[in-house]
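Written below as structure tokens is the structure these notes are about.
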Amino acid sequence: MRKLPKLPTNIQAFDRIRNEGYLYVDKTKYLIDLIDTGDGYFLSRPRRFGKSLTISTFDALFSGKRELFKGLYAEEFCSRPEYRAYPVIRLDMSKIITRNGVEGLLDSMLLQVMYNAERNALTLPGLSIKDPATAFDALISRTAQKEQKPVVVLIDEYDKPILDNLNNTKEMQKIREILRDFYVQIKAAGADVHFTFITGISKFSKMGIFSPMNNLTDISMNDEYATMLGYTEDEFTSSFGEYIDTTAKRLEVERDTLISDIRGYYDGFSFDGKTRVYNPFSTLSFFKDPVFRNYWFESGTPSALAEYVKKHDLSVDMFRGLKVMDDFTSMREIESATPASFLYQSGYLSIREKQEDELILDYPNKEVLSAVARLFLSEKLGLPDSGLKDVKKALICGDVEGFVNIYNVTLTSIPYDIYSREEKRYANKPQESFYHAMLLSMLWGAQLDAIPEKHGSKGRSDLEISVNGLYYLVELKVAVGKEACEKAAEDAMKQILEKGYASPYKMSGVTLISIAVDRNERRVGAHEIREL
């Protein structure tokens, strides 16, 4: 049996991937297209999505390492008569240290410049150690002069110093000004720069960093480059074909079933509203350890996201099918960005559909929806996620009484001050909205397929759940007092039956659940269960 190629789960060095036999999904066509059609680009993508590997691939391509591209799309480009190497200046801004304030930032940036000077066998004498912008300008001009060629500038994670200080507006403003003065040296260098490629997570037009650099083309939401990072369906099934077969046999499932499950967990990222890509980090991590986990989220969720959730008036369900204008990412600076813009650029929301000048957003897949739901439960409601496995187990086993009991225990675990805050928040909405949103968060956090307000011929069901071939219909009401709750639960069950919510499940069977929450007691006051 042929030995499978190694999986580059935490490797972003293109030369190492190619030299050491790691699996590589060929993305070099996009790089060649960019080189052939322009000379300055910006690309925004979520963390761990292949930005650093792209920078590394550009580095190898411009450094003249043509042997690394044998068998790839870029091999023909390397064989062109006009192909030649250029001096490369490569800045990894993820290594910039800001915890020591502006002084630490300046020193750290200067080290990046000095590293590139050494790489290009260049000495930068007589420069102030507190002025990395001047050092960067000298690096570009003197490297071009020394090599008698213009330089290639590659910058990875340009916004990391700012994102590290999201909750310190005053410090962030200082950092923004320093970075603006630093990056503007690229445009100022003029003919000394042959090509520029910059990556980051955020792209805000008023950020002040790139406002003087109108020579950069932003391809972040360009249809032609929507699949430049991440794996398309064809790339996934062809490049990982042997891994799919091996894993399906190991897990004792059908090949098509495994592909469908992986697609549900790790596919769904879209940057144009048309094409979808798999999260590369989660896909690689799954094949290395074939258990459906939240690999991407667990690999390092920024603390800024947790702080953002605490600070803003958000709920998990409010972002499902959310309509926004197509320029929604460029309206405000990062510290005052809308929640939709912040979550999209961080990778927690994706474009589900594009309609003229509007976009419809949603969570890309089960991994992200589950992870965000857990974050909301812990950060907004102060609830641990330890009981979510019990939710899933109860529904898989058909233990509806156990499921209702877990929901009841959750209700009684929420601190009173959070109840007071949330009740004020939902004051202008139907009174069951908060309890409904919390139940959804529990189900999504448990990685269950739960669909709210599914439309039928006679109305909308509150909640429909499917797990391992079992189906559940839930109708939730709110009342006050034991008798009122019993009546509400009875009316909810009648509503399910009279509105025909269960009709689509006549062949498969379905369990009907009506729940009435006692608003004063803040617990389940009554419930009914019926099998159909």
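The rows are residues; the columns are (1) more than 19 Å from Val372 (Cβ to Cβ); (2) assigned to a loop (DSSP other than H, G, I, E, B); (3) among the acidic types (Asp, Glu).
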| residue | (1), (2), (3) |
| --- | --- |
| Glu224 | yes, no, yes |
| Thr227 | yes, yes, no |
| Asp234 | yes, no, yes |
| Asp272 | yes, yes, yes |
| Leu284 | yes, no, no |
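Mind checking which helices (runs of 4 or more DSSP H) fall wholly inside region 1-105 and carry at least 3 residues that are under 24 Å from the mean Cα position of the chain (by Cα)?
28-37, 51-62
Can you name the number of the only condition in (1) modelled with pLDDT of 95 or more; (2) at positive phi that Gly126 fails?
(1)
Could you say whether any residue in region 365-382 is part of a helix (DSSP H, G or I), surrounded by fewer than 20 Cβ atoms within 10 Å (Cβ to Cβ) and not hydrophobic (A, V, I, L, M, F, W, C)?
yes
Any idea which of Leu470, Leu463 is open to solvent by 40 Å² or more (accessible area, probe 1.4 Å) and within 34 Å of the chain's Cα centre (by Cα)?
That would be Leu470, the only listed residue that is open to solvent by 40 Å² or more (accessible area, probe 1.4 Å) and within 34 Å of the chain's Cα centre (by Cα).
When you scan region 165-180, do you find a residue that is closer than 20 Å to Asp59 by Cα, touching a residue at least 12 places away in the same chain (Cβ under 8 Å) and in contact with a helix residue (DSSP H, G or I) (Cβ under 7 Å, 6 or more places away or on another chain), even just one?
No; the residues of region 165-180 include none that is closer than 20 Å to Asp59 by Cα, touching a residue at least 12 places away in the same chain (Cβ under 8 Å) and in contact with a helix residue (DSSP H, G or I) (Cβ under 7 Å, 6 or more places away or on another chain).
Could you give every pair whose Cβ atoms fall below 7 Å, whose first residue belongs to region 87-114 and is open to solvent by less than 40 Å² (accessible area, probe 1.4 Å), and whose second residue is outside any helix (DSSP H, G or I) and modelled with pLDDT under 90, counting only separations of at least 6 or pairs across chains?
Thr98/Asp164; Thr98/Asn165; Gly104/Ile97; Gly104/Thr98; Leu105/Thr98; Leu106/Lys130; Ser108/Ile97; Leu110/Ile129
Of all residues in region 344-396 being of a type in the set (Gly, Ala, Ser) and touching a Ser or Thr at 6+ places or on another chain (Cβ under 6 Å), which is modelled with the highest pLDDT?
The selected residue is Ser350.
Within region 404-419, track down each residue that is of a type in the set (Val, Ile, Thr), out of contact with any helix residue (DSSP H, G or I) (no Cβ under 7 Å at 6 or more places or on another chain) and surrounded by 12 or more Cβ atoms within 10 Å (Cβ to Cβ).
Within region 404-419, Val404, Val409 meet the criteria.
I'm checking my understanding of the structure. Among residues of region 233-276 that are β-branched (Val, Ile, Thr) and in contact (Cβ under 8 Å) with a residue 12 or more places away in the chain, which one is nearest to Asp357 (Cα to Cα)?
Among residues in region 233-276 that are β-branched (Val, Ile, Thr) and in contact (Cβ under 8 Å) with a residue 12 or more places away in the chain, the one nearest to Asp357 (Cα to Cα) is Thr275.
Taking Ala492 as meeting all but one of (1) over 30 Å from Val309 (Cα atoms); (2) at pLDDT below 90; (3) touching a Lys or Arg at 6+ places or on another chain (Cβ under 8 Å); (4) of a type outside the set (Val, Ile, Thr), write down the number of the exception.
For Ala492, the exception is condition (2).
Would you confirm, using the coordinates I've provided, whether Thr246 is surrounded by 14 or more Cβ atoms within 10 Å (Cβ to Cβ) and assigned to a loop (DSSP other than H, G, I, E, B)?
no
Being over 29 Å from Glu367 (Cα atoms), at pLDDT below 90, open to solvent by 20 Å² or more (accessible area, probe 1.4 Å) and among the charged types (D, E, K, R): is that true of Lys506 here?
It is true that Lys506 is over 29 Å from Glu367 (Cα atoms), at pLDDT below 90, open to solvent by 20 Å² or more (accessible area, probe 1.4 Å) and among the charged types (D, E, K, R).
Going through region 138-174 one residue at a time, which ones are part of a helix (DSSP H, G or I) and open to solvent by 60 Å² or more (accessible area, probe 1.4 Å)?
Residues satisfying the conditions are Arg142, Gln145, Lys146, Glu147, Lys160, Thr169, Lys170, Gln173, Lys174.
Out of Glu401, Glu422, report the one residue that is surrounded by fewer than 22 Cβ atoms within 10 Å (Cβ to Cβ), touching a Phe, Trp or Tyr at 6+ places or on another chain (Cβ under 9 Å) and either of a type outside the set (Phe, Trp, Tyr) or assigned to a strand (DSSP E or B) (or both).
Of Glu401, Glu422, the one residue that is surrounded by fewer than 22 Cβ atoms within 10 Å (Cβ to Cβ), touching a Phe, Trp or Tyr at 6+ places or on another chain (Cβ under 9 Å) and either of a type outside the set (Phe, Trp, Tyr) or assigned to a strand (DSSP E or B) (or both) is Glu422.
It is to be established whether one or more residues within region 331-340 are surrounded by 18 or more Cβ atoms within 10 Å (Cβ to Cβ), outside any loop (DSSP other than H, G, I, E, B), in contact with a strand residue (DSSP E or B) (Cβ under 8 Å, 6 or more places away or on another chain) and of a type outside the set (Phe, Trp, Tyr).
yes
Considering only residues of region 495-532 that are assigned to a loop (DSSP other than H, G, I, E, B) and without any contact (Cβ under 8 Å) to a residue 40 or more places away in the chain, which is farthest from Asp399 (Cα to Cα)?
The residue in question is Glu521.
Give me the pairs: first residue in region 277-298 and over 19 Å from Val253 (Cβ atoms) and modelled with pLDDT under 95, second residue open to solvent by less than 10 Å² (accessible area, probe 1.4 Å) and of a type in the set (A, V, I, L, M, F, W, C), beta-carbon distance under 6 Å, and six or more apart or on different chains, which are they?
Here the result reads Asn294/Ala371; Phe297/Ala371, each pair linking region 277-298 to a residue that is open to solvent by less than 10 Å² (accessible area, probe 1.4 Å) and of a type in the set (A, V, I, L, M, F, W, C).
Go through region 273-293 residue by residue and tally those that are open to solvent by 10 Å² or more (accessible area, probe 1.4 Å), under 16 Å from Ile351 (Cα atoms) and not basic (Lys, Arg).
2
Which members of region 388-398 meet the condition of being without any contact (Cβ under 8 Å) to a residue 24 or more places away in the chain and either assigned to a loop (DSSP other than H, G, I, E, B) or among the acidic types (Asp, Glu) (or both)?
Of everything in region 388-398, those that are without any contact (Cβ under 8 Å) to a residue 24 or more places away in the chain and either assigned to a loop (DSSP other than H, G, I, E, B) or among the acidic types (Asp, Glu) (or both) turn out to be Asp390, Cys397.
Which of the residues that make up region 211-238 are within 18 Å of Pro280 (Cβ to Cβ) and of a type in the set (Asp, Glu)?
Residues satisfying the conditions are Glu233, Asp234, Glu235.
Can you name every residue in region 473-494 that is in a strand (DSSP E or B) and open to solvent by less than 10 Å² (accessible area, probe 1.4 Å)?
Leu473, Val474, Glu475, Leu476
Restricting region 175-194 to residues that are not in a helix (DSSP H, G or I) and not small (Gly, Ala, Ser), which is nearest to Ala133 (Cα to Cα)?
For region 175-194, the residue satisfying everything is Val193.
Can you confirm whether Ile451 is free of Cβ contacts under 8 Å to residues at least 40 places away in the same chain, under 27 Å from Gly264 (Cβ atoms) and of a type in the set (Val, Ile, Thr)?
yes
Hey, among Asp218, Asp192, which residue is modelled with pLDDT under 95 and of a type in the set (Asp, Glu)?
Asp218
The values are calculated or read from the model by the stated rules, or taken from the named source; none is laboratory data. Not measured: the values here are computed from a predicted model. Methodologically, a virtual Cβ is constructed for each residue, glycine included, from the backbone with ideal geometry; neighbour enumeration extends over all protein chains shown. Please note that ligands, DNA and RNA were not included when accessible areas were found on the heavy atoms of the full protein model with its side chains. Shrake-Rupley method; radii C 1.70, N 1.55, O 1.52, S 1.80 Å.
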